1. Over 32 Å between Cα atoms: which of Lys136/Lys323; Lys136/Lys211; Lys201/Lys332; Lys287/Lys332 fall into that group?
2. Could you tell me which of rounded, prolate or oblate describes segment 224-287, using a ≥ b ≥ c as the square roots of the eigenvalues of the alpha-carbon gyration tensor, with rounded for a/c under 1.5 and, failing that, prolate when a/b is larger than b/c and oblate otherwise?
3. Using only the heavy atoms of the protein chains and a 1.4 Å probe, how would Tyr284, Tyr306 rank by accessible area, largest first?
4. Report the label-to-label distance for Thr348 and Ser236 in nanometres (one decimal), using points 7 Å from each Cα along the Cα→Cβ vector.
5. To the nearest 20 Debye, how big is the dipole of the chain about its Cα centre, given +1 on the beta carbon of each Lys and Arg and -1 on that of each Asp and Glu?
6. Quick one: putting +1 on the C-beta of Lys and Arg, -1 on the C-beta of Asp and Glu, what dipole do you get for segment 1-124 around its Cα centre, in Debye to the nearest 20?
7. Counting only other residues whose beta carbon sits under 14 Å from that of Lys323, what net charge do I get with K and R as +1, D and E as -1?
8. Restricting to DSSP loop positions (anything but H, G, I, E, B) with no more than 14 other Cβ atoms inside 10 Å of their own Cβ, which trypsin sites (Lys or Arg not before Pro) remain in segment 264-320?
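The values are calculated or read from the model by the stated rules, or taken from the named source; none is laboratory data. Computed from a predicted structure; not experimentally measured. As a convention, Cβ positions derive from the backbone with ideal geometry for all residues, glycine included, and neighbour counts pool all protein chains shown. For the accessible areas, the whole protein counts, side chains as well, though only heavy atoms, and no ligand, DNA or RNA atoms are used. Shrake-Rupley method; radii C 1.70, N 1.55, O 1.52, S 1.80 Å.
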Amino acid sequence: MRGVVFDGQQPQVVDDLEIRDPGPGEVLVAVAAAGLCHSDLSVVDGTIPFPVPVVLGHEGAGVVAAVGPGVTHVATGDHVSLSTLASCGACAECDRGRPTMCRKAIGMPGQPFSRGGEPLFQFASNSAFAERTLVKAVQAVKIPPDIPLTSAALIGCGVLTGVGAVLNRARVDRGDTVLVIGTGGIGLNVIQGARIAGALKIVAVDANPAKEAVARQFGATHFLDSTEGVREILPSGADHAFECVGNVRLIRQAIDLLDRHGQAILLGVPVATAEASFLVSSMYLDKSILGCRYGSARPQRDIALYAELYREGRLLLDELVTKTYPVEDFAKAADDAHHGRVARGVLTF
C-alpha cells in the first residue's frame, strides 16, 4: 500500500508498505484523507525528534476496515476521525479526565508497519499518511457519515488543538478579549474557538496580510500584521493571548500584551531546546503562562462535539481545507505548507 515514509534524510512516497492485522482493542482504518500539519514537517526538519524510519501523518479520517477483539464502539464501515491519543484509560491521569497527560500514551511509538521486512515506526500513534493505519480503539471516534472526510480529517489535530485550547485550557468566557498570534491552521481554530466561546474582541496577528480575509471569516474582529498595534485595540491588554507560531520572541510579546489576570497560552512548537524569557515582575498581577498539549482534549467527547457544531454551521471545517492533493503530490503539499500558501492542505487516498 501507499504511504509517506521519512528515513531520516528525506520523506518519500512509497507503494510497498505493509501493516499487520488488528489485535485486541485495535482498529484498522482505511484512511481517506489526512491533513498536512506543521508537526509532520517538524519531524522532517528535526524540530520534533522522532525515531526513523517512520510513517508520517497524524491528522486523518477514514472508514473502519476491521476491528480487533473487544472493540464494540465502532464497527466495519463506520466513518471515524482519528486522534493521536493512545491513552491507556486506566492511569490516574486518564481517570481524572486528562488523557493528554497519560504517561503510557507519550514517547512509546509502536511499529505496526513494515517495508521489505523492516519494521517502521508510527508517528504520533497515528501515521495517517498511509492507505491504512492501525490505532487503539480509543483513538477512533465515530462521526456522522454526512461529514466530508476531507474536512473531518482536520478535527483530529488542528481543531482539537486550537478550539480545545480555547474551550478546555484557557476557558475563554463571554465578553473576554483574545489575541491570536499566527493564523495558520492552529491559529484559525483558536479564532473560531474564541468566537464560539463568545469573546468580545478577537485580534489576529500575522505577518502575511493576505491572511486577513480568512482570519475574519473564522471570527477575528481585528487583523494586524504585527503586534505593535494591539494596544490601540486593547489598551489594557488581552485576557488571553495565544502564541501559535513557536517563536520565542512572539512568546515574549504574547506575555507582554496581557491584561491583569491575563493568561498566555503556548501552542506553537519551537525547537526542543528553545528558551523564552519574561519579566518576572510583570507576573504579579495574577498573570499566567500556560502550556497546552493537544488542546487538553478528551477526544471521544470533543470530536463528537465538534462534529455536531459543524453540522449546525457553528464550526468551520470545509473552509479550513485550502487545497487537496493526491498522496503522490506530498512534496508539493509540503512546500505549500512550508511557505504558508495554504491554511491546511489535505492528502487524499
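1. Details: Lys136/Lys323 29 Å; Lys136/Lys211 37 Å; Lys201/Lys332 36 Å; Lys287/Lys332 42 Å.
Result: Lys136/Lys211; Lys201/Lys332; Lys287/Lys332 exceed 32 Å.
2. Numbers: a/c = 2.06, a/b = 1.29, b/c = 1.59.
Oblate.
3. Numbers: Tyr284 170, Tyr306 0 Å².
The ranking, largest first, comes out as Tyr284, Tyr306.
4. 4.9
5. On the way: 31 positive and 37 negative charges, 176 e Å.
In debye, rounded to 20, the chain gives about 840.
6. Values: 7 positive and 13 negative charges, 78 e Å.
My answer is approximately 380 debye.
7. Working: positive: Lys332, Arg341, Arg344; negative: Asp318, Glu319, Asp329, Asp335, Asp336.
Charge balance near Lys323 sits at -2.
8. Working: sites: Lys287, Arg293, Arg301, Arg311, Arg314; in loops: Lys287, Arg293, Arg314.
The qualifying sites are Arg314.
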